[in-house]
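The values are calculated or read from the model by the stated rules, or taken from the named source; none is laboratory data. Values in this document were obtained by computation on a predicted structure and should not be read as measured data. Here Cβ is always computed from backbone atoms with ideal geometry, including for glycine, and neighbour counts include all displayed protein chains. Quick note on the areas: whole protein, heavy atoms, side chains included, nothing else; ligands and nucleic acids left out. Shrake-Rupley method; radii C 1.70, N 1.55, O 1.52, S 1.80 Å.
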Amino acid sequence: MNVAIVKYNAGNIYSVVNALKRLGIDPLLTDDAEQLQKADKVLFPGQGNAREAMDYLKAHKLDEVIRNLKQPVLGICVGQQLLCKHSEEGDTDCIGIFDVNVKRFQPARHEDKVPAMGWNMLHMTNENGETITNEHEMNPLMRGLGEKPYVYFVHSFFVPKCAETIAEADYILPYSAALHKDNFFTTQFHPEKSGKVGEKILSNFLEL
């Protein structure tokens, strides 16, 4: 399987490379449009600043490349946020696959720390925002995770719940932990740092 990872000015990419290697995949890390277009699967991970990332993507025309990909794409962390319409981080227009705006967490209590950092539980949802427990009703990306799956988050900004939300988490308020639209899948959390649950999600993506 030909798996490509979008190479741009965002951190944490090599932990994704290593996670895929543990699954028997030797991914190509590239910013070449042709290589990305012909890959079987594309991952779009990252940590960092949304404005700086979008400036880089636009300067290298990678925003258009990503927007027009037809194969399964998985955005991770900042990758999820950049696939949305707009981010409050730097008042930034993003790639716009998902018609939703990224917001900054506003602490409601003294114990609400930003960034949100650590393990949190996923709740699978349908397009009506209802929690679902029947695995056959879940999005293919989120199946087989077991009861009360916990995953690892590090983020100061979040995607509000929307029709494309396939899993939510709750920190200060419920928000989108994962999204799906057409060939685009995303996670706000880091599957590459989320143990067996994260490994299963990456495996599910590779099997799409």
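Here Rg and Dmax of the Cα atoms in Å was calculated from the structure, and among [x] 16.7, 60; [y] 18.8, 60; [z] 15.8, 49 it sits at label [z].
One decimal place: the segment residue 148-residue 22 gains 43.0 nm when fully extended, by the rule 0.36 nm per residue minus the C-alpha distance.
Annotation: amide H-H contacts under 5 Å for residue 43 (H modelled 1.01 Å from N, sequence separation of 5 or more, or interchain): 4, 5, 6, 74. Spin-label pair residue 51-residue 131: with each label point 7 Å from Cα along the Cα-Cβ axis, the two points sit 3.8 nm from one another. Sorting the segments 48-55, 64-71 by their residues' average number of neighbouring beta-carbon atoms within 10 angstrom, most packed first, yields 48-55, 64-71. Heavy atoms of the protein chains alone define the surface here; on that basis the chain has 46 Å² accessible area per residue at 1.4 Å probe size.
The charge dipole of segment 1-107, taken about the Cα centre with unit charges on the Cβ atoms of Lys, Arg (+1) and Asp, Glu (-1), comes to about 320 debye, rounded to the nearest 20. Just the protein heavy atoms count here, and of the accessible area of segment 109-208 at 1.4 Å, carbon and sulfur take up 49 percent. What is segment 78-197 by shape, rounded, prolate or oblate, if you read a ≥ b ≥ c off the alpha carbon gyration tensor as root eigenvalues and call it rounded for a/c under 1.5, prolate for a/b larger than b/c, and oblate otherwise? Because a/c hits 1.5 or more and a/b fails to exceed b/c, segment 78-197 counts as oblate. Only one residue of 169, 128, 96 has its Cα farthest out toward the positive end of the dipole of the chain, where Lys and Arg carry +1 and Asp and Glu -1 on Cβ, and that residue is 169.
Compared with the direct C-alpha span, the chain from residue 91 to residue 119 gains 7.3 nm at full extension, assuming 0.36 nm per residue.
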